[in-house]
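Only one structure is covered here, and it is reproduced in the block below.
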């Protein structure tokens with residue numbers, strides 16, 4: 001029933017995604033910029049299919065696509081459209097192949113924009129830049145068949161409710177490709193599950209439940225209660241629930257619990273998640289090795305419990 005997800009990158013498999021900087025591009029004339037960007041985007045689009053083939057072979061059912069798959073696409077100075085690139089048609093075809101592969105093999109795809117995407121900001125420029133980035137990811141999500149674009153609510157700015165209200169005001173103006181995929185995630189500092197549920201209900205968008213963040217930033221709800229309440233925001237839309245799991249690098253006994261560990265401690269995996277139909281992104285530094293180990297350990301644990309009852 002559980003579908004486990006890999007986040008963006010591989011540590012032990014030859015699947016690489018290229019990038020570049022605005023500074024490097026600014027040293028080139030526009031024709032050279034587009035030629036370089038076209039080559040990078042073509043390679044990344046082809047490697048996306050390789051990534052999906054790899055996660056399928058590993059038995060991983062979900063893949064989070066890195067936000068800068070097409071690097072610097074929304075940059076005000078060196079940005080571009082797919083149609084501007086010499087290999088634009090070839091890139092679109094590569095994305096279509098990735099889409100078809102994910103559909104045929106039931107691999108769920110998602111995006112998680114960088115933290116500079118903040119729709120609740122009181123600063124107009126920040127919101128405008130955020131919308132531009134979300135528009136790009138919405139177009140890309142449509143092209144590859146991703147159903148989730150997950151964001152955090154952002155900063156509190158001295159008034160949590162006012163910040164959430166600004167997010168609610170911005171949301172209706174987003175393109176349909178973004179609105180239909182946008183989700184909110186509880187974070188480990190500012191916004192809890194209890195904070196975000198009213199917003200998700202008001203906007204009819206799902207809540208991605210991060211259990212690690214909830215443990216760092218509790219709100220009085222138990223893990224099971226939070227899972228159920230977040231799950232309802234997906235069920236009422238007829239969609240499969242999405243959650244995140246990670247473990248603290250320094251453990252729960254001391255130090256900052258927020259940084260992620262290389263692997264997941266099986267004790268951190270909620271018992272109430274077992275047997276549910278849901279997607280769980282594994283946010284661990286060891287990437288696909290961590291996903292594989294967690295799946296193996298949970299399978300062993302399930303088998304041991306079964307033996308105890310037999």
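Read the figures in this text as sums done on the coordinates, not as results from a lab. All figures in this text were calculated on a predicted structure; none of them were measured in a lab. All Cβ positions, even for glycine, are placed from backbone atoms using ideal geometry, and neighbour counts span all protein chains on display.
So how tilted is helix 88-104 from the main axis of the chain? Cα-based, degrees 0 to 90, rounded to 10.
Tilt of helix 88-104: around 20 degrees.
Find the centroid of the Cα atoms in the stretch 258-293 and in the stretch 18-74, then give the distance between the two in whole Å.
26 Å
I'd like the orientation of helix 288-309 relative to the chain: the angle between its Cα long axis and the longest Cα principal axis, in ° from 0 to 90, rounded to 10.
Here the helix axis deviates by roughly 20 degrees.
Kindly rank 32-42, 134-144 from highest to lowest mean number of other beta carbons found within 10 Å of each residue.
134-144, 32-42
Using Cβ contacts closer than 10 Å as the measure, can you line up 149, 131 from fewest to most?
Exposure proxy ranking, most exposed first: 131, 149.
When ranked by the protection proxy of mean other Cβ atoms within 10 Å per residue, highest first, what sequence do the peptides 92-99, 280-287, 266-273 form?
So the order, starting with the most tightly packed, is 280-287, 92-99, 266-273.
Just check the stretch 117-226 against the gyration tensor rule for me: Cα atoms, a ≥ b ≥ c as the square roots of the eigenvalues, rounded for a/c under 1.5, and otherwise prolate or oblate depending on whether a/b exceeds b/c.
Taking the square roots of the gyration eigenvalues as a ≥ b ≥ c, the stretch 117-226 is oblate.
Normalising by the residue count of the stretch 1-129, find the relative contact order in percent from Cα pairs under 8 Å and 6+ residues apart.
Contact order relative to length: 31 percent.
Of the beta bridges DSSP finds with both residues in the chain, what % are antiparallel, to the nearest 5?
About 5 percent, rounded to the nearest 5.
Taking only C-alpha pairs under 8 Å that are 6+ residues apart, what is the relative contact order of the chain in percent?
18 percent
Whole angstrom only: what separates the Cα centroid of the stretch 174-252 from the Cα centroid of the stretch 140-169?
The distance from the Cα centre of the stretch 174-252 to that of the stretch 140-169 comes to 12 Å.
Restricting things to alpha carbons, tell me how big the stretch 133-194 is in terms of Rg and Dmax, in Å.
Looking at the stretch 133-194, its Cα Rg and Dmax stand at 12.8, 39 Å.
How far, in degrees from 0 to 90, does helix 30-57 lean away from the longest principal axis of the Cα atoms of the chain, to the nearest 10?
30 degrees
In Å, the Kirkwood hydrodynamic radius of the chain over pairs of distinct alpha carbons?
Hydrodynamic radius (Kirkwood, Cα pairs) of the chain is 20.4 Å.
Relative contact order, percent, of the stretch 132-276 when contacts are C-alpha pairs under 8 Å separated by at least 6 residues?
It comes to 17 percent, rounded to a whole number.
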